[in-house]
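**Q** Handing you a structure now.
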Amino acid sequence: MNAYQDAAGSAIQATAAAPSPLPWSHGFAELGPAFFSAVEPQPLSAPRWVARSARLAAALGLSDDWFESEQSLQAFSGNRVLPGTRPLASVYSGHQFGVWAGQLGDGRALLLGDLPDAQGERQEIQLKGAGLTPYSRSGDGRAVLRSSIREFLCSEAMAALGIPSSRALCIIGSATGVRRETMETAAVVTRVAPSFIRFGHFEHFSYQEQHGDGPAHAQLRWLADQVIARHYPQCLHSEVFPGNPYAALLQAVSERTARLMAQWQAVGFCHGVMNTDNMSVLGLTLDYGPFQFLDAFDPAHICNHSDTQGRYAFQRQPNVAYWNLHCLAQALLPLIGEHDQAIAALASYKTVFPEALQQHMRAKLGLSDALAEDLEMIDSLMKLLAQDGVDYTIFWRRLSHWVAAMNGNDSVRDLFIDRASIDAWLQRYALRIAAQDPTQTSGSMLGSNPKFVLRNHLVETAIQKAKSGDHGEVATLLALLESPFDEHPGYDDYASFPPAWASSLEISCSS
Ligand code: AMP
Ligand code: MG
């Protein structure tokens, strides 16, 4: 046992001995005390490294020496409060599974403050699983090792796929026991994002001020003004909504959300818990729980075992996001004023989403230009993939190689049961790209269709090994997923079909 393990469970002390070289600032705290509670993290017993993202650490200007040090381990486990940080839990509300849930808030996440990234942009640093907060409700403020590994790997995988996401800097495991369905151990993931503000933050202050007796929506307005100033300054000069920055904000969030949904659908990502408190106002993928990258293509796939109604099924995600944007619109309505303006701001979702999705699908197909009939060709392909339950990622990767060889390569048709239909489709597709250079087309498709995605069975294997103290598999997956479009010779097993046991994995909200 080392000195820090002895200290676990005792009062938290600031590390006076080692002055922080880090330039912390506190953008969120500047919103004022109505928006958060100051909370100190609760220590973990026997903290140990499970994984670190050297790439993200470098982007945040953390030196290798410091990031790998005992001081960093103690800081990111929540056992020591780093000088310069001001840990806080923010308050928000939200709609969960379509129902108003009232106040939620950071029940197990603590924001430490902001650090500048390589571009000088402020990134918020958050500990997830660092103990109880005033918003923990009946929870224990903890996150288990398995869900922390899932969040860490998927955050970094999404970023490397070019999909906006909160990032993950490291995971620290511990000997602290937490009860879920069985006893498990607690871990802390350090998350990073320009802002963790959710639709639910706006809903919270809108609802509260509708039912309180304070000045009319002063906090809601302040929150919106600050989000606009920091993240959407263009809304102050909107040509579509002159003089109404709040309508412009709603439109900007709608567009970012639409683009995010297009990316999720194109890559085959199912989030699983699209409650409004898990929707980022910056259009980031946020709060990784029972997410899944599709194995066999099934539009109706439900990845969350707790989602008995299939509200968050894969094909419903774009409509759910639109529904969630209506909740945001409702929350912003006191600021926007005119109902018509809010409706107009939301309307952009209906054009941006299909356009963005088509663009991604054309890139996946390697099409260098756009024709009206492409839509029908894409549609008929998706029907074939669904009809035969074809592995989504493998299909696109094989198609990318196929275009370089075309005839004499059965790798694509072998994936289908209905060979006649896929043959006819491939013929039509070959004609469509006949004028393009095959090598170039294949090359660009290989940059749009990843070889490696974080399939459930891959992360499950890494979790089982990590539970027995072997973190090597987490590191291997991180290395593959950091460059998912590369071939990584020798690692083909990680890009092959899921084993039979993968379909019996049940991932629920429990985390
Ligand atoms: P989620 O479904 O993970 O987005 O969580 C919904 C709400 O429950 C948020 O307010 C979380 O902070 C809170 N929550 C989830 N798990 C816990 C936990 N173990 N302890 C405290 N709060 C939690
Ligand atoms: Mg959440």
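The values are calculated or read from the model by the stated rules, or taken from the named source; none is laboratory data. Source: prediction; values computed, not measured. Note: ideal-geometry Cβ built from the backbone for every residue, glycine included; neighbour counts use all protein chains shown. These accessible areas exclude ligands, DNA and RNA; they are computed on the full protein's heavy atoms, side chains included. Shrake-Rupley method; radii C 1.70, N 1.55, O 1.52, S 1.80 Å.
**Q** Any idea which of ALA247, ALA262 is more than 16 Å from ligand 1 (Cβ to nearest atom), in contact with a Ser or Thr (Cβ under 9 Å, 6 or more places away or on another chain), part of a helix (DSSP H, G or I) and over 30 Å from SER72 (Cβ atoms)?
**A** Going through ALA247, ALA262 in turn, just one is more than 16 Å from ligand 1 (Cβ to nearest atom), in contact with a Ser or Thr (Cβ under 9 Å, 6 or more places away or on another chain), part of a helix (DSSP H, G or I) and over 30 Å from SER72 (Cβ atoms): ALA247.
**Q** How many residues does segment 327-345 hold that are open to solvent by 40 Å² or more (accessible area, probe 1.4 Å), among the hydrophobic types (A, V, I, L, M, F, W, C) and touching a residue at least 60 places away in the same chain (Cβ under 8 Å)?
**A** Total meeting the criteria: 1.
**Q** Of these, ALA187, ALA118, which one is out of contact with any Asp or Glu (no Cβ under 9 Å at 6 or more places or on another chain) and at pLDDT below 95?
**A** Just a single option satisfies the conditions, and that option is ALA118.
**Q** Evaluate segment 217-224: report whether one residue or more is assigned to a helix (DSSP H, G or I) and assigned by TED's automatic domain parsing to the domain that holds LEU357.
**A** Within segment 217-224, not a single residue is assigned to a helix (DSSP H, G or I) and assigned by TED's automatic domain parsing to the domain that holds LEU357.
**Q** Here is a further query. Tally up the residues in segment 431-448 that are open to solvent by less than 80 Å² (accessible area, probe 1.4 Å) and assigned to a helix (DSSP H, G or I), please.
**A** Result for segment 431-448: 8.
**Q** OK, next. Could we say that ALA51 is over 30 Å from SER483 (Cα atoms) and either of a type in the set (Lys, Arg) or outside any helix (DSSP H, G or I) (or both) here?
**A** For ALA51, the condition - over 30 Å from SER483 (Cα atoms) and either of a type in the set (Lys, Arg) or outside any helix (DSSP H, G or I) (or both) - is not met.
**Q** Find the residue count for segment 54-70, including only residues that are touching a Leu at 6+ places or on another chain (Cβ under 8 Å) and surrounded by fewer than 18 Cβ atoms within 10 Å (Cβ to Cβ).
**A** Total meeting the criteria: 1.
**Q** Now for a separate question. Hey, could you check segment 283-303 for residues that are of a type in the set (A, V, I, L, M) and open to solvent by 10 Å² or more (accessible area, probe 1.4 Å) and say which is farthest from TYR322 (Cα to Cα)?
**A** ALA296
**Q** Which residues, counting only those in segment 459-511, are more than 23 Å from ALA175 (Cβ to Cβ), under 19 Å from the mean Cα position of the chain (by Cα) and modelled with pLDDT under 95?
**A** Across segment 459-511, the qualifying residues are ILE507, SER508, CYS509.
**Q** Please determine whether any residue of segment 264-276 is touching a strand residue (DSSP E or B) at 6+ places or on another chain (Cβ under 9 Å) and open to solvent by 10 Å² or more (accessible area, probe 1.4 Å).
**A** The answer is yes; a qualifying residue exists.
**Q** Residue check: is SER195 open to solvent by 10 Å² or more (accessible area, probe 1.4 Å) and within 16 Å of ligand 2 (Cβ to nearest atom)?
**A** In short, no.
**Q** Every residue in segment 396-424 that is at pLDDT below 95 and part of a helix (DSSP H, G or I), please.
**A** Passing the criteria: ALA404, ALA405.
**Q** Among what's in segment 102-119 and is within 16 Å of ligand 2 (Cβ to nearest atom) and on the phi < 0 side of the Ramachandran plot, pick the residue that is surrounded by the most Cβ atoms within 10 Å (Cβ to Cβ).
**A** Looking at the filtered set, the residue picked out is LEU110.
**Q** So, THR308, is that one over 22 Å from the mean Cα position of the chain (by Cα) and within 16 Å of ligand 1 (Cβ to nearest atom) or not?
**A** Yes, satisfied.
**Q** Regarding ALA175, is this residue more than 21 Å from VAL281 (Cα to Cα), more than 16 Å from ligand 1 (Cβ to nearest atom) and among the small types (Gly, Ala, Ser)?
**A** It is true that ALA175 is more than 21 Å from VAL281 (Cα to Cα), more than 16 Å from ligand 1 (Cβ to nearest atom) and among the small types (Gly, Ala, Ser).
**Q** While we're looking at this one, here's another question. Hand me the list of helices (runs of 4 or more DSSP H) wholly inside segment 289-394 holding 1 or more residues that are among the aromatic types (Phe, Trp, Tyr) and at pLDDT 95 or above.
**A** By residue number, 317-336, 339-365.
**Q** Right, another one. Taking segment 132-153 as the search range and keeping residues that are over 16 Å from CYS509 (Cα atoms) and buried (at least 24 other Cβ atoms within 10 Å of the Cβ), which one is nearest to ligand 2 (Cβ to nearest atom)?
**A** Among them, the one singled out is THR133.
**Q** Kindly list, by first and then second residue, each pair from a residue in segment 123-145 that is among the β-branched types (Val, Ile, Thr) and within 9 Å of ligand 1 (Cβ to nearest atom) to a residue that is open to solvent by 10 Å² or more (accessible area, probe 1.4 Å) and not in a loop (DSSP other than H, G, I, E, B), limited to pairs with Cβ atoms under 8 Å and residues at least 6 apart or on different chains.
**A** That search, which allows pairs on different chains as well, returns THR133/SER37; VAL144/GLU184; VAL144/THR185.
**Q** Which residue out of GLY61, GLY84 is in a loop (DSSP other than H, G, I, E, B), free of Cβ contacts under 8 Å to residues at least 60 places away in the same chain and not polar (S, T, N, Q)?
**A** Unique residue meeting the criteria: GLY61.
**Q** Go through the residues of segment 440-450 one by one and say whether even a single one is more than 16 Å from ligand 1 (Cβ to nearest atom) and more than 23 Å from GLN265 (Cα to Cα).
**A** Taking every residue of segment 440-450 in turn, at least one turns out to be more than 16 Å from ligand 1 (Cβ to nearest atom) and more than 23 Å from GLN265 (Cα to Cα).
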